[in-house]
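**Student:** Handing you this structure, nothing more for now.
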Amino acid sequence: MVESHAHVPIPSDPVERIRALRVLREVYSRGKRPSLEVTYRTVNGSTCGPYYVARWRRDSRHKCGRTLYLGKPENESVRFVEWLVSLNRAEVLELARHLMRNLRSVLKTLLTEVSSLPYKQARRVLARGLALTFNARPSNSPQIRDLLEELPDRLESFAVRTLGGWPAHYSAHLNKIIRFRKRSLDGKHEVPDVMLELERWKLRHGT
């Protein structure tokens, strides 16, 4: 990280870094800090947790809310978001803008390295590169979307999923599908094809 942000509690684990990067990407997009919330899950009648999520409520600018999973309390991304929400809005937005400039620089560098690699190898290079965004030198251009569109389709979709996860509100849509199928099967649980449902959802929402 640059010297001006030397105090930032940057996660050391690559997966945790990408989670922190996703949070800051959403901050940049929405212009507001998340709230850090605790959730629990019920599996086979047993309650598991606590798990933490970063959450943005819907507002006048954004019709849909957004929830990003961070995981167990000891995860570095949880500590990062705890620190993030302790800052004032101006500091958080400045950090998010800085990281987005770093991300543009990383994607621009990776473009020349991954396009000709086999998919699995290119995916590893992309993931590691994204994890290094906190250490990158800021860039002013081009835009992230422009850079993603230069990636081959097989890699662009991976980069988008890694940075953004499910589209906002897709989880709610999937829950409705599951509940509907439960009723139609007289209580028998049928798990939908998640990727197929996602493609249908994207077609309906024009994403």
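**Student:** Once you've got the Cα coordinates, tell me which of LYS120/LYS176; LYS108/LYS202; LYS32/LYS72; LYS63/LYS176; LYS108/LYS176 are over 29 Å apart.
**Tutor:** Too far apart for the 29 Å limit: LYS120/LYS176; LYS108/LYS176.
**Student:** Right, something else. Whenever you get a sec, line up GLU156, GLU199 from highest to lowest accessible area (probe 1.4 Å, protein heavy atoms).
**Tutor:** GLU199, GLU156
**Student:** Remind me, relative contact order of region 14-159 in percent, using alpha carbon pairs under 8 angstrom and six or more residues apart?
**Tutor:** Once normalised by length, the contact order is 23 percent.
**Student:** Using only protein heavy atoms and a 1.4 Å probe, report how much of SER12 is accessible, in Å² to the nearest 10.
**Tutor:** 90 Å²
**Student:** Would you kindly calculate the translational diffusion coefficient of region 14-159, applying Stokes-Einstein with the Kirkwood radius from alpha carbon pairs, for 20 °C and a viscosity of 1.002 mPa s, and quote it in µm² s⁻¹ without decimals?
**Tutor:** For the chosen part, D equals 130 µm²/s.
**Student:** Checking the a/c ratio against 1.5 first, then a/b against b/c, what shape does the Cα gyration tensor give for region 53-113?
**Tutor:** prolate
**Student:** Could you give the accessible area per residue of region 14-159, probe 1.4 Å, as a whole number in Å²?
**Tutor:** 55 Å²
**Student:** Let me ask something else about it. Taking a quarter of the surface of the Cα convex hull of region 103-167, what do you get in nm²?
**Tutor:** 4.2 nm²
**Student:** Going by the alpha-carbon gyration tensor, a ≥ b ≥ c the square roots of its eigenvalues, is region 1-60 rounded (a/c under 1.5) or, if a/c is not under 1.5, prolate (a/b greater than b/c) versus oblate?
**Tutor:** Oblate shape, in that a/c is at least 1.5 and b/c is the bigger or equal ratio.
**Student:** Under 14 Å from the Cβ of VAL38, count the other residues' Cβ atoms, weight Lys and Arg +1, Asp and Glu -1, and hand me the total.
**Tutor:** With Lys, Arg at +1 and Asp, Glu at -1, the net is 0.
The values are calculated or read from the model by the stated rules, or taken from the named source; none is laboratory data. Computed from a predicted model, the values in this text were never measured in an experiment. All Cβ positions, glycine included, derive from the backbone under ideal geometry; neighbour counts span all protein chains shown. These accessible areas exclude ligands, DNA and RNA; they are computed on the full protein's heavy atoms, side chains included. Shrake-Rupley method; radii C 1.70, N 1.55, O 1.52, S 1.80 Å.
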